[in-house]
Amino acid sequence: MACNRLKLNEEKTQITWLGTRQQLDKVTVQTLKLPNATVPFSSVVNDLGVVLDSQLTMANHVAALSRSCFFHLRRLRAIKQSLTPHATKTLVRAFVSNRLDNCNSLLVGVSSQLLQRLQVTQNAAARLVTGVRRSEHITPILRDLHWLPVRRRITLSLKGEGKGGGTRASRESGVKFQALISRKWLEITRSLWYSNGKS
């Protein structure tokens, strides 16, 4: 880093161990010592707005995302009387829907409980836009708004159809690239774990 005139900011640098609970229990190293800094390992790190925990359960990310969306929904509810229906829908899309869509492909394979928490958030946003009561069924409302359920949005983001789609070949090459990256990442983490176990 020094040869590129870069300096590590200790206050903003976060690192974590990734693995299963059993693997993480075997880890004894608590800090990473660098020439100019000592960085402690964290159980949760934030990377470009995504909260990652050591076991990659995404529970902390979903909790933070849900909290953020409901904060904005409460603020929008307070000023809804001053907004037109179009303005309300636009603001909900900007402050809630975009947050739900941001990096949502990382949520593939998370528990149904976590996806349900995000679906509750989307349902609350739809109720704010339409003004319907909580007792009314939400599926027709989502259909009228042309909003896909959270699980379907995640699936479409993986296929590349969420933002304009692209050609079938580009989507297939994207999936192949993701599979290649996943395989390489698994090989790297395995080699790190095995090298730590032997030393």
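Values quoted throughout were computed directly from the atomic coordinates according to the rules given, and no laboratory measurement underlies them. On a predicted model such as this, the values are computed, not experimentally measured, just so you know. Every residue, glycine as well, gets a Cβ built from its backbone with ideal geometry; the counts of neighbours run over all protein chains shown.
What does the charge add up to near A64, with Lys and Arg as +1, Asp and Glu as -1, over the other residues with Cβ less than 15 Å from its Cβ?
Spelling it out: positives minus negatives among the neighbours equals +1.
Please list 3J(HN,Hα) in residue order for segment 51-59, calculated via the Karplus relation 6.51 cos²θ - 1.76 cosθ + 1.60 where θ = phi - 60°; whole Hz, with x for glycine and proline.
8, 10, 9, 4, 9, 6, 7, 6, 5
Loop only per DSSP, at most 10 neighbouring Cβ atoms within 10 Å: give me the trypsin sites (Lys or Arg not before Pro) in segment 34-135, ordered by residue number.
R133, R134
What ranking do D53, D25 get, fewest neighbouring Cβ atoms within 10 angstrom at the top?
Listed from fewest to most nearby Cβ atoms, that is D25, D53.
Using a Förster radius of 22 Å, what is the FRET efficiency between Q116 and V51 based on their Cβ-Cβ separation? Nearest 0.05, please.
Efficiency computed from Cβ-Cβ geometry: 0.75.
Could you give me the ³J(HN,Hα) list for segment 109-115, computed from phi with Karplus coefficients 6.51, -1.76, 1.60 and θ = phi - 60°, whole Hz, x at Gly and Pro?
Per residue, the Karplus-derived 3J(HN,Hα) values read x, 6, 5, 4, 4, 5, 5 Hz.
Work out how much length L83 to T31 would gain on full extension: take 0.36 nm times their residue separation and subtract the Cα-Cα distance, in nm to one decimal.
Value of the extension gain: 13.6 nm.
What list of ³J(HN,Hα) values in whole Hz, one per residue of segment 19-34 in order, does the Karplus curve 6.51 cos²θ - 1.76 cosθ + 1.60 (θ = phi - 60°) give from phi, with Gly and Pro shown as x?
These are the phi-based 3J(HN,Hα) values: x, 6, 4, 5, 5, 5, 5, 7, 6, 10, 6, 10, 9, 10, 9, 10 Hz.
Take the alpha-carbon centre of segment 29-67, take the same for segment 110-159, and report the distance between them in whole Å.
One Cα centre to the other: 28 Å.
In segment 59-157, if every C-alpha pair distance is counted and binned at 5 Å from zero, what percent goes to each bin?
Percent of pairs per bin, in order: 2, 13, 26, 25, 20, 10, 3, 1, 0.
For a quick check: sort T28, T90, T20 by the number of other beta carbons within 10 angstrom, fewest at the front. Can you show the working numbers first?
Values: T28 6, T90 13, T20 10.
Neighbour counts put them in this order, fewest first: T28, T20, T90.
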